[in-house]
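Please treat every number below as a calculation from the coordinates, not as lab data. Everything numeric in this text was worked out from a predicted model, so none of it was measured. Every residue, glycine among them, receives a Cβ derived from its backbone with ideal geometry; neighbour counts consider all protein chains shown.
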Amino acid sequence: MLSLKQTMLSLAVVSALSMGSAIAATTAYSTNGTNVAPTNVEGVVKNSIGECWRTGTWSKDQATVEGCDGYVKPQPVVAAPAPVVPAPAPVVKSKTFTLQADVLFDFNKSTLKPAGKDALDKLYQEIVNIDPKDGEAVVVGYTDRIGSDKYNNALSQRRAQSVVDHLVAKGAPADKIRAEGRGKADPVTGDTCNKIKARKQLIECLAPDRRVEIEVKGVKEVVVPATK
């Protein structure tokens, strides 16, 4: 009768032979002509029928062999969306035209002279060429320092309004243009005429102060070229 030790030894031999038969029946990856499954860099051995073994160097962050435990299929790489380029800010357009009042009006008058109308007709085309999308035109009238503030303020307002009326008649939008009278404010002659006493010479010297300024200010729409 076999002893317990002999029985255990026999069972171990049978078990080893059985495992050898099972491994032999399973075709592993071939390395140098031998029937041994190679260990990959992740520390995992996998045979041709999908059986996996982990080596002692394996860790969860190395579970990159598809079909083996712990494997998580990588998500497809999604390209980052193209950065949004903000549209260019609209270009602010502003331009001031200055006309001498002596060209537009007789002295102390607010009715346009024929020469003044011709000058405004030429200026109108320049104003149109600015082509503002939004905004307005401001016509500002100025006088010289001769006379009272009240009188000069009223005269400069009437002159500015005469210019506005003419430009509107030419086609300028009435809701985009307005008149403003500033009288003797903002003289451009400074003190150059202070020593002149004779009225005629003083009127002539102060001529640059008698003027009408047309300031066109608005926003021109920016056209962004299409990308190819």
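List of remarks:
- Zone residues, the range 203-219, relative to A89, backbone N less than 14 Å from point 7 Å out along Cα-to-Cβ: 219
- 3J(HN,Hα) couplings calculated from phi for the range 70-79 with the Karplus curve 6.51 cos²θ - 1.76 cosθ + 1.60 (θ = phi - 60°) are, in sequence order, x, 6, 10, 5, x, 6, x, 6, 9, 5 Hz; Gly and Pro show x.
- Each Lys and Arg contributes +1 and each Asp and Glu -1, all at the Cβ; summed about the Cα centre of the range 91-220, the dipole is approximately 280 debye.
- Within-12-Å neighbourhood charge of I177 [Cβ basis; K, R +1; D, E -1]: -1
- Distances between placed amide hydrogens fall under 5 Å for F97 paired with I214, E215, V216, all partners being 5 or more residues away or on another chain.
- 3J(HN,Hα) couplings calculated from phi for the range 144-155 with the Karplus curve 6.51 cos²θ - 1.76 cosθ + 1.60 (θ = phi - 60°) are, in sequence order, 7, 8, 6, x, 7, 4, 4, 5, 5, 4, 5, 5 Hz; Gly and Pro show x.
- In order along the range 97-106, the phi-based Karplus estimate (6.51 cos²θ - 1.76 cosθ + 1.60, θ = phi - 60°) of 3J(HN,Hα) comes to 10, 10, 10, 6, 4, 5, 6, 7, 9, 6 Hz; Gly and Pro are listed as x.
- Two-site FRET efficiency, F107 against A169, from Cβ-Cβ distance with R₀ of 22 Å, rounded to 0.05: 0.35
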